[in-house]
Amino acid sequence: MLVSLALLALGVLTAVVAPRLLSRADWAEREPVVALWVWQCVVAAVLLSFALSMTFSAAAAWQAVRGQVFAPAPRAVIEAYELGTSSPWSAVLAVLLAAGGLWTGAMLGREIGRARARRKRRRCELLVRAPLLPGEEPTGSERLVVLEGERADAWWLPGGTPRLVITTAALRRLKGRQLDAVLAHEQGHARARHDWLLHCAAALAGGFPGVPVFAAFREEMHRLVELAADDVASRRFGRLTIALALVELNEDRGVFGPGPAQDAGLPQRVNRLLAATPRLTAGRRLRLTAAAALVPVIPVLVAFVPALRVLG
């Protein structure tokens, strides 16, 4: 029972402390890909802590579960976990954590279902706005769709056959390599499968709205995936090119005006590109990546401490 409580406390502590530490990090905007990895490792550590706490609580409460979890373990290891001295709270904790796990799976399934419905609806809208010509057969391989529209816009439509949708107004506004930079930005989203990352973040935040780490995870994922895609485009076509393309696409929406805008983070993205802050050194990127990868290992080590003491 002590191991289960320690894992539960570790999960709560990580969920409270990690977002505060990451919000103070001054390197996230310079290395958004590394920041995405760190956030994923933190959330994985929180979920793993709760999952292991549920497992040990269930093993302490019910003999059947204990027999499955500790079947290959020596008797000395089983005795080290003191599972026979469990309190009635073990069953309550196991049930609550199991319910949280089932709820998480349900929320993820709901988010995936909603995303598929949105994609299907938008593809139907594309067929209405860009219908096939008489005698034209759908090939399923169209990667670029041009829509007639007075509003400059471009977006990537994920799915089995991902497509880049761009309006004629955007084609008129984007000059030279700016269009190529926008294409590279959207392709960066598609290749990194940012849509799946956003779905997971939305499922956790929607399923547990009172948990700050999941709310911060969703907010940071939306911000960091855009910064990462900006960097993909800037490495190929230059920071100034993608910055000017963002301005051209959003100038008529009041984003850069004095009042509040719907996409308030866009001016910060443009300023970041124009500032051209140098990246972290390769050594520091490697250290941050390795340190983040060790975060989910901590709950596993806590879970195996009694067994390692006996076997040692």
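A few comments on the model shown:
- When DSSP beta bridges are restricted to pairs lying wholly in the chain, around 50% turn out antiparallel.
- If the chain linking L171 and R118 were pulled fully straight, counting 0.36 nm for each residue of separation and taking away their Cα-Cα distance, it would gain 16.6 nm.
- Per residue, in Å², the accessible surface of segment 145-252 once ligands and nucleic acids are set aside, probe 1.4 Å: 44
- Environment charge at S4 (Cβ cut-off 13 Å; Lys +1, Arg +1, Asp -1, Glu -1): 0
- Positive-end extreme of charge dipole, the chain - chosen from T277, W62, V46 (charges on Cβ): T277
- For segment 185-232, alpha-carbon Rg relative to the globular expectation (2.2 N^0.38 Å, N residues): 1.19
- Selection from G101, P299, P212, by position along the positive dipole direction of the chain (Cβ): P299
- Between 0 and 90°, nearest 10: helix 2-23 axis offset from the chain longest Cα axis: 30
- Correct choice for volume of the Cα convex hull per residue in Å³ that was computed from the model, options [x] 173; [y] 145; [z] 154: [x]
- Residue-by-residue Karplus 3J(HN,Hα) for segment 285-300, coefficients 6.51, -1.76, 1.60, Hz, glycine and proline x: 4, 5, 5, 5, 5, 5, 5, 5, 5, 7, 4, x, 6, 4, x, 5
- Taking the inverse of the mean reciprocal distance over all distinct Cα pairs, the Kirkwood hydrodynamic radius of segment 273-312 comes to 13.1 Å.
- Size of electric dipole in the chain: Cβ of Lys, Arg +1 and of Asp, Glu -1, about Cα centre, debye, nearest 20: 320
- Stretchable slack from L144 to A106, in nm (0.36 nm times residue separation minus alpha-carbon distance): 10.3 nm
- Angle of helix 239-250 to the longest C-alpha principal axis of the chain, folded into 0 to 90 degrees and rounded to 10: 80°.
- In this structure the amide hydrogen of L147, modeled in the peptide plane, comes within under 5 Å of the amide hydrogens of I166, T167, T168, none closer than 5 places in sequence on its chain.
- Sites A64 and R193 - FRET efficiency at Förster radius 35 Å, r taken between beta-carbons, to 0.05: 0.35
- In this label model, V297 and A282 are separated by 2.3 nm, measuring between points 7 Å along each Cα→Cβ vector.
The values are calculated or read from the model by the stated rules, or taken from the named source; none is laboratory data. Note that the structure is a prediction, hence the values are computed from the model and not measured. So basically every Cβ, Gly included, is an ideal-geometry build from the backbone, and we count neighbours across all protein chains shown. These area figures cover heavy atoms from the full protein model, side chains too; ligands, DNA and RNA do not enter into them. Shrake-Rupley method; radii C 1.70, N 1.55, O 1.52, S 1.80 Å.
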